[in-house]
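S.K.: Handing you a structure now.
The values are calculated or read from the model by the stated rules, or taken from the named source; none is laboratory data. In this text, all values refer to a predicted model and were calculated from it rather than measured experimentally. In this analysis, Cβ positions are derived from the backbone assuming ideal geometry, glycine residues included, and neighbour counts consider all displayed protein chains.
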Amino acid sequence: MKRLVTSLLALLGLATACERLEYENADANTFASRIASPDVVVLDVRTAAEYGEGHIQGAINIDVKEDNFIETAKSTLQTDKTIAVYCRGGRRSVTAAEKLVAEHYKVVNLEGGIMAWKDAGLPIVTDEYETDTFTTKSGKTVTFHALVHSSIRMDYDGKTIYIDPVTKLGDKTIDLAEMPKADYIFITHEHFDHLGKDAIELLTKDQTQLITNQSCKDILGYGTVMTNGDKLQLSDDIEVEAVPAYNTTEGHQNFHPKGRDNGFVITLDGLRIYVAGDTEDIPEMSEIKDIDIAFLPCNQPYTMTVEQLVRAAKTVKPKVLFPYHYGQTDVTGIPAQLEGDGVDVRIRHYE
């Protein structure tokens, strides 16, 4: 009897092992050959910070350690594609492969991870967009990607949020097709450097929620409309408030008339983020409190001068300030002007 039980346990163990191995393991060169097929999607399951340091060309980034990894994967990855998964050294990708196989995905796993890939002399690409990562009150991370001008990408708890995404601005092209689909897209107003129809189409999936003002909804034909002062609870830990954004300088009011456009205060698990939109230093900024991270625009005649931005920063008092939408304006002197105000000014490529 003991021998029979032992045999049964061995068989059960073998069966379990077989279940764990219902995906293909591949060395770096084989993996490279497999991902050349258009029927294969490359999935990087490391953190956003690791991904930004260097990744395989075309890889989608979903962190396997996030609690909602499978939910994000299922909303992003097609089941009729083979998923080519990798991590740093091969451990996390095994976990991801097992989870994906359980959801009936076909999976090929890179043995040895991106370290083996680099050892084989195969190419990686670095994230050309500067990133900054912050921690929420419960220890979750929020990573900001500086895309261009007024376009921002935020990655939070397996969700991806875009502000005013565009695919091209001047001579710069933003390859949104290589980025994760959006859970939420916020559009502040209808100007070409904020409302990109092609960008929205590229980033939209079945569950994407578009949030904007009435004029953008009129142009697009859909979207959730917010007006100044409106609040939305998007999930248990994501809240957004629409705040005023407008011009006050004589002769400039027609660019952004009062009451039409939005700025947004987005709260992610207690982390409060103020994206001002196209605005000058308006009186309503005194009502915007407890801001951790602020994005304030700086280029006349459309938004603020440097002096106005400094006044706005002293009014809002964010812990971290990103001047954005600054075009050819010289913003390099702003950190010195706010040195004694407890504001950490970070200049990124938001020309």
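S.K.: Return yes when VAL85 is in contact with a helix residue (DSSP H, G or I) (Cβ under 7 Å, 6 or more places away or on another chain), part of a loop (DSSP other than H, G, I, E, B) and of a type outside the set (Asp, Glu) and no when it is not.
M.R.: Details: in contact with a helix residue (DSSP H, G or I) (Cβ under 7 Å, 6 or more places away or on another chain): yes; part of a loop (DSSP other than H, G, I, E, B): no; of a type outside the set (Asp, Glu): yes.
Here the answer is no, as VAL85 does not meet what is asked.
S.K.: So, one more: Given (1) in contact with a helix residue (DSSP H, G or I) (Cβ under 7 Å, 6 or more places away or on another chain); (2) closer than 20 Å to GLU71 by Cα; (3) surrounded by 14 or more Cβ atoms within 10 Å (Cβ to Cβ); (4) touching a residue at least 60 places away in the same chain (Cβ under 8 Å), where does TRP117 come up short, assuming only one miss?
M.R.: That leaves (2) as the condition not met.
S.K.: A further question follows. Among the basic types (Lys, Arg) and modelled with pLDDT of 95 or more: which single residue out of LYS118, LYS106 fits that description? Lay out the reasoning, then the answer.
M.R.: Details: LYS118 fails: modelled with pLDDT of 95 or more.
Criteria check complete, one pass: LYS106.
S.K.: Checking THR131 against (1) buried (at least 23 other Cβ atoms within 10 Å of the Cβ); (2) closer than 21 Å to ILE174 by Cα, which single condition isn't satisfied?
M.R.: (1)
S.K.: Looking at region 208-231, I want the residues that are acidic (Asp, Glu) and have a partner that is surrounded by 13 or more Cβ atoms within 10 Å (Cβ to Cβ) with Cβ atoms under 6 Å, at least 6 apart or on another chain. Which pairs are those?
M.R.: Sorted first by the residue in region 208-231, then by its partner, the pairs are ASP230/ALA242.
S.K.: Before we move on, is THR126 more than 22 Å from ALA276 (Cβ to Cβ), surrounded by fewer than 19 Cβ atoms within 10 Å (Cβ to Cβ), at pLDDT below 95 and outside the structural domain of VAL225 (by TED's automatic domain parsing)? Show your work before the answer.
M.R.: On the way: more than 22 Å from ALA276 (Cβ to Cβ): yes; surrounded by fewer than 19 Cβ atoms within 10 Å (Cβ to Cβ): yes; at pLDDT below 95: yes; outside the structural domain of VAL225 (by TED's automatic domain parsing): yes.
Against the criterion (more than 22 Å from ALA276 (Cβ to Cβ), surrounded by fewer than 19 Cβ atoms within 10 Å (Cβ to Cβ), at pLDDT below 95 and outside the structural domain of VAL225 (by TED's automatic domain parsing)), THR126 qualifies.
S.K.: Being touching a Leu at 6+ places or on another chain (Cβ under 9 Å) and of a type in the set (Gly, Ala, Ser) is the filter here; which residues of region 26-65 pass it?
M.R.: ALA26, ALA28, ALA32, ALA59
S.K.: Also, I was wondering about something else. So how many residues does region 168-193 have that are of a type in the set (Val, Ile, Thr), under 27 Å from GLN328 (Cβ atoms) and buried (at least 21 other Cβ atoms within 10 Å of the Cβ)?
M.R.: First pass over region 168-193, keeping only residues of a type in the set (Val, Ile, Thr): 173-174, 185, 187-188.
Remaining after also requiring under 27 Å from GLN328 (Cβ atoms): 173-174, 187-188.
Next cut, buried (at least 21 other Cβ atoms within 10 Å of the Cβ) only: 174, 187-188.
Of the residues in region 168-193, 3 are of a type in the set (Val, Ile, Thr), under 27 Å from GLN328 (Cβ atoms) and buried (at least 21 other Cβ atoms within 10 Å of the Cβ).
S.K.: Across region 18-57, which residue is surrounded by the most Cβ atoms within 10 Å (Cβ to Cβ) among those that are closer than 14 Å to PRO123 by Cα and more than 29 Å from the chain's Cα centre (by Cα)?
M.R.: Within region 18-57, the match that is surrounded by the most Cβ atoms within 10 Å (Cβ to Cβ) is ASN29.
S.K.: Sort through ASP344, ASP236 and tell me the only one that's under 19 Å from ILE185 (Cα atoms) and surrounded by fewer than 19 Cβ atoms within 10 Å (Cβ to Cβ).
M.R.: On the way: ASP344 fails: under 19 Å from ILE185 (Cα atoms).
None of the others qualify; the one that does is ASP236.
S.K.: For the structure I just gave you, tell me whether LYS159 is in contact with a Ser or Thr (Cβ under 8 Å, 6 or more places away or on another chain) and at pLDDT below 95.
M.R.: Working: in contact with a Ser or Thr (Cβ under 8 Å, 6 or more places away or on another chain): yes; at pLDDT below 95: yes.
For LYS159, the condition - in contact with a Ser or Thr (Cβ under 8 Å, 6 or more places away or on another chain) and at pLDDT below 95 - is met.
S.K.: Where in region 130-221 are the strands (runs of 3 or more DSSP E), entirely inside, with at least 3 residues that are under 18 Å from ASN61 (Cβ atoms)?
M.R.: On the way: elements: 131-135, 141-148, 151-156, 159-163, 184-186, 209-212.
Answer list for region 130-221: 131-135, 141-148, 151-156, 159-163.
S.K.: Identify, please: which residue in region 194-206 is loosely packed, with under 13 Cβ neighbours inside 10 Å and touching a residue at least 24 places away in the same chain (Cβ under 8 Å) and is, among those, farthest from ALA177 (Cα to Cα)?
M.R.: Only one residue tops the list, namely ASP206.
S.K.: If a residue has to be assigned to a strand (DSSP E or B), under 15 Å from ASP164 (Cβ atoms) and either modelled with pLDDT under 95 or touching a Ser or Thr at 6+ places or on another chain (Cβ under 9 Å) (or both) to count, how many in region 258-293 make the cut?
M.R.: Step one: list which residues in region 258-293 are assigned to a strand (DSSP E or B), which gives 261-268, 271-275, 293.
Among the residues that remain, those that are also under 15 Å from ASP164 (Cβ atoms) are: 261-264, 266, 273-275.
Applying the additional criterion that residues be either modelled with pLDDT under 95 or touching a Ser or Thr at 6+ places or on another chain (Cβ under 9 Å) (or both) yields 261-264, 273, 275.
Residues meeting the conditions: 6.
S.K.: What are the residue pairs meeting all of these: first residue in region 30-44, first residue small (Gly, Ala, Ser), second residue assigned to a strand (DSSP E or B), Cβ atoms under 9 Å, and 6 or more apart or on different chains?
M.R.: ALA32/ALA26; SER33/ALA26; SER37/THR82
S.K.: While we're here: Six or more apart or on different chains, Cβ atoms under 6 Å: show the pairs whose first residue is in region 89-114 and under 17 Å from GLU66 (Cβ atoms) and in the same structural domain as ARG34 (by TED's automatic domain parsing) and whose second is part of a strand (DSSP E or B) and not β-branched (Val, Ile, Thr).
M.R.: SER93/TYR86; SER93/ASN109; ALA97/ASN109
S.K.: Among the listed residues PRO318, PRO301, PRO323, which satisfies the condition of being modelled with pLDDT of 95 or more and part of a loop (DSSP other than H, G, I, E, B)? Step through it out loud before you land on a result.
M.R.: On the way: PRO301 fails: modelled with pLDDT of 95 or more; PRO323 fails: part of a loop (DSSP other than H, G, I, E, B).
On inspection, the qualifying residue turns out to be PRO318.
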